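Data first, discussion second: the structure below is written as structure tokens.
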Amino acid sequence: MTLRWRLALLIIFATGVPVITGVLVTRQLVREVLDVGLSPQLDAALEAGVRQARETYRGERADLERLADRLAGRWTSGEEADREVFAAAVDPLLASVDHAQLTGPDGRSFTLRDGGRTTAAPERRQGAPPEAVATMVALGDGWHLELRRPMPDAWREDAALIAETLQVVRGLRLQQSQLERMYWLPFLAIFLLALAVGLGAAWHLGQGITEPVRRLVSGTEAVADGHWDVQVATESDDELGRLTERFNSMVRTLEVQSRRLVDLEKMEGWREMARALAHEVKNPLTPIQLTVEEMRARYPGGDEQYAALLADCTRIVVEEVESLRSVVARFREFSRPVELTAEPTDVGGLVRDVATLQRDLKVETEIARDLDPVRVDADRLRQVLMNLAANAREATRDRDDPRLAMTVRAEPDTVVVEVEDNGPGIADDEHDRVFEPYRSGKAGGLGLGLALVKGIVLAHGGSITVGRGRWQGARFTISLPRDPAAGPEDDHA
């Protein structure tokens with residue numbers, strides 16, 4: 001399983017457990033709240049309130065009926081049959097009544113008391129508590145007495161609230177399962193949204209972490225396959241970004257060190273071959289010279305023409321032997337390990353001195369200011385610069401305005417010296433082979449000059465490359481480490 005999936009599953013687990021727990025807890029809490037809110041005890045309490053309201057109503061009605069009976073008794077006594085006399089007589093008894101009305105046999109009515117509240121029986125909503133209690137009693141001779149008394153507002157409000165609450169509770173109990181879903185489903189939606197957001201964040205975070213790791217793994221595999229020029233792209237400045245930068249820096253360092261090791265191995269092989277050639281060529285030179293000289297010395301004479309020929313042949317052989325000895329000396333010099341005596345040196349000043357010595361070239365110099373001294377072997381570095389200047393002079397021999405440019409600049413870890421000319425340049429396919437020995441562009445040359453230059457640069461722990469300069473001629477770029485620990489002071493490779 002890949003790292004991205006492991007991270008995603010880990011975050012899913014870390015997000016899913018609280019979400020599932022929250023859903024279950026929320027559902028249980030909703031169920032318990034509804035169970036408490038819709039409990040049978042609440043029904044019993046509300047029904048008791050309804051019964052109490054009914055009992056209060058019945059009591060009010062019974063009290064009004066008793067009052068009506070007393071009034072009827074007064075009417076039937078005969079002494080107050082006249083309605084006005086009757087009204088005056090019963091008026092004190094009607095203090096608790098809001099509305100009292102006599103109705104005669106002919107349908108005519110006579111209001112004994114009118115408080116303005118219950119003149120007519122209002123329409124009552126179904127299930128709503130009555131606003132008043134009323135009764136009617138027969139008085140005799142076709143007369144009837146109707147009494148009305150309003151119920152207290154507080155009682156009506158309380159009774160209505162209790163009745164409505166009881167209906168609501170009973171309705172909710174019938175829909176309790178639906179209510180549970182209605183209350184906890186929004187929480188479920190919220191939790192699922194949180195889970196989706198968590199999953200999206202997990203995938204994005206996992207991609208942000210694993211993608212750089214995947215690129216690093218690919219880069220590592222490429223390096224393991226020998227591709228030293230690989231560089232991993234970085235898009236952030238966090239820890240992974242810094243890790244990628246360090247990886248790229250490490251690969252660049254490994255590439256430089258790898259090239260340096262290869263160059264050192266090649267240089268050692270060339271030196272070993274130079275030592276073998278010098279040995280094989282040097283050994284027969286002296287016997288050849290002695291033999292020729294002995295032949296000339298032992299010639300008894302007598303033939304002047306032959307004697308002249310022998311003298312010329314002896315001279316030619318001796319001259320060629322000396323020439324071969326010179327070649328052997330150069331091979332021996334190349335085959336020796338480069339020994340350095342490094343000390344802090346003003347590289348810029350050294351370049352200026354070499355530039356001043358070039359009489360046959362128009363020299364341009366560009367040297368960085370405040371350049372710190374670098375630990376190098378000044379004599380060896382001067383030899384390198386003089387050799388490159390000599391190559392420039394040879395390359396620009398056919399130019400009307402032979403030019404040489406020498407530049408020194410500082411980089412974070414190195415000091416770079418560039419030497420370029422306006423000659424024909426070096427073919428691109430020869431850039432990697434121009435420093436090999438025995439490859440000379442000059443007639444009669446041995447091709448050891450640039451090989452010796454590269455050996456000296458490698459001994460300093462540096463590198464040298466060739467390319468095309470501003471004038472399309474050859475440009476040699478020398479990089480020397482600023483830190484003495486970056487390269488050996490004494491290279492015996």
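The values are calculated or read from the model by the stated rules, or taken from the named source; none is laboratory data. Please read these numbers as outputs of a predicted model, since none were measured by experiment. Neighbour counts are summed over all protein chains in view; Cβ atoms, including those assigned to glycine, are modelled from backbone coordinates with ideal geometry.
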Check: If you check Leu102 against the conditions, is it at pLDDT 70 or above, among the aliphatic types (A, V, I, L, M) and not in a helix (DSSP H, G or I)?
Finding: yes
Next item on the list: Being within 20 Å of the chain's Cα centre (by Cα) and among the charged types (D, E, K, R) is the filter here, so list the residues in the range 235-262 that pass it.
Entry: Glu235, Asp237, Asp238, Glu239, Arg242, Glu245, Arg246
Check: Are any residues in the range 367-394 more than 49 Å from the chain's Cα centre (by Cα) and of a type in the set (D, E, K, R), and if so, which ones?
Finding: Asp379, Arg380, Arg382, Arg393, Glu394
Check: Is it true that some residue in the range 450-469 is surrounded by fewer than 16 Cβ atoms within 10 Å (Cβ to Cβ) and modelled with pLDDT under 85?
Finding: no
Check: Can you pull out the residues in the range 365-384 that are surrounded by 17 or more Cβ atoms within 10 Å (Cβ to Cβ) and touching a Pro at 6+ places or on another chain (Cβ under 9 Å)?
Finding: Val374, Arg375, Val376
Check: Among the residues of the range 405-415, is there at least one that is of a type in the set (A, V, I, L, M), free of Cβ contacts under 8 Å to residues at least 40 places away in the same chain and under 30 Å from Gln472 (Cα atoms)?
Finding: no
Notebook entry, point to check: What is the number of the single condition among (1) modelled with pLDDT under 80; (2) among the hydroxyl-bearing types (Ser, Thr, Tyr); (3) part of a strand (DSSP E or B) that Thr111 does not meet?
Noted result: (1)
Check: Are any of the residues in the range 359-366 at pLDDT below 90, assigned by TED's automatic domain parsing to the domain that holds Ala459 and either more than 56 Å from the chain's Cα centre (by Cα) or in a strand (DSSP E or B) (or both)?
Finding: yes
Checklist line | Every pair of residues 6+ apart whose Cβ atoms lie under 8 Å, when the first sits in the range 319-338 and is over 17 Å from Asn283 (Cβ atoms) while the second is modelled with pLDDT under 70 and in a helix (DSSP H, G or I) | finding: Phe334/Trp270; Phe334/Arg271; Phe334/Ala274; Arg336/Arg271; Pro337/Arg271
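Each row is one residue, and each column tells you yes or no for (1) more than 30 Å from Glu268 (Cα to Cα); (2) in contact with a strand residue (DSSP E or B) (Cβ under 7 Å, 6 or more places away or on another chain).
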| site | (1), (2) |
| --- | --- |
| Glu339 | no, no |
| Gly348 | yes, yes |
| Gln383 | no, no |
| Asp398 | yes, no |
| Arg403 | yes, yes |
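Taking the conditions exactly as written (at pLDDT below 75, over 49 Å from the mean Cα position of the chain (by Cα), more than 30 Å from Leu480 (Cα to Cα) and exposed (fewer than 15 other Cβ atoms within 10 Å of the Cβ)), does Glu280 satisfy them or not?
For Glu280, the condition - at pLDDT below 75, over 49 Å from the mean Cα position of the chain (by Cα), more than 30 Å from Leu480 (Cα to Cα) and exposed (fewer than 15 other Cβ atoms within 10 Å of the Cβ) - is met.
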Checklist line | Check on Val318, at pLDDT 80 or above and either touching a Gly at 6+ places or on another chain (Cβ under 6 Å) or not assigned by TED's automatic domain parsing to the domain that holds Arg382 (or both) | finding: yes
Next item on the list: Say whether the condition of being surrounded by fewer than 16 Cβ atoms within 10 Å (Cβ to Cβ), at pLDDT 75 or above, of a type in the set (D, E, K, R) and within 56 Å of the chain's Cα centre (by Cα) is met by at least one residue in the range 164-186.
Entry: no
Notebook entry, point to check: Just to be sure, is Leu324 under 30 Å from Gly269 (Cα atoms), surrounded by 13 or more Cβ atoms within 10 Å (Cβ to Cβ) and of a type in the set (A, V, I, L, M, F, W, C)?
Noted result: yes
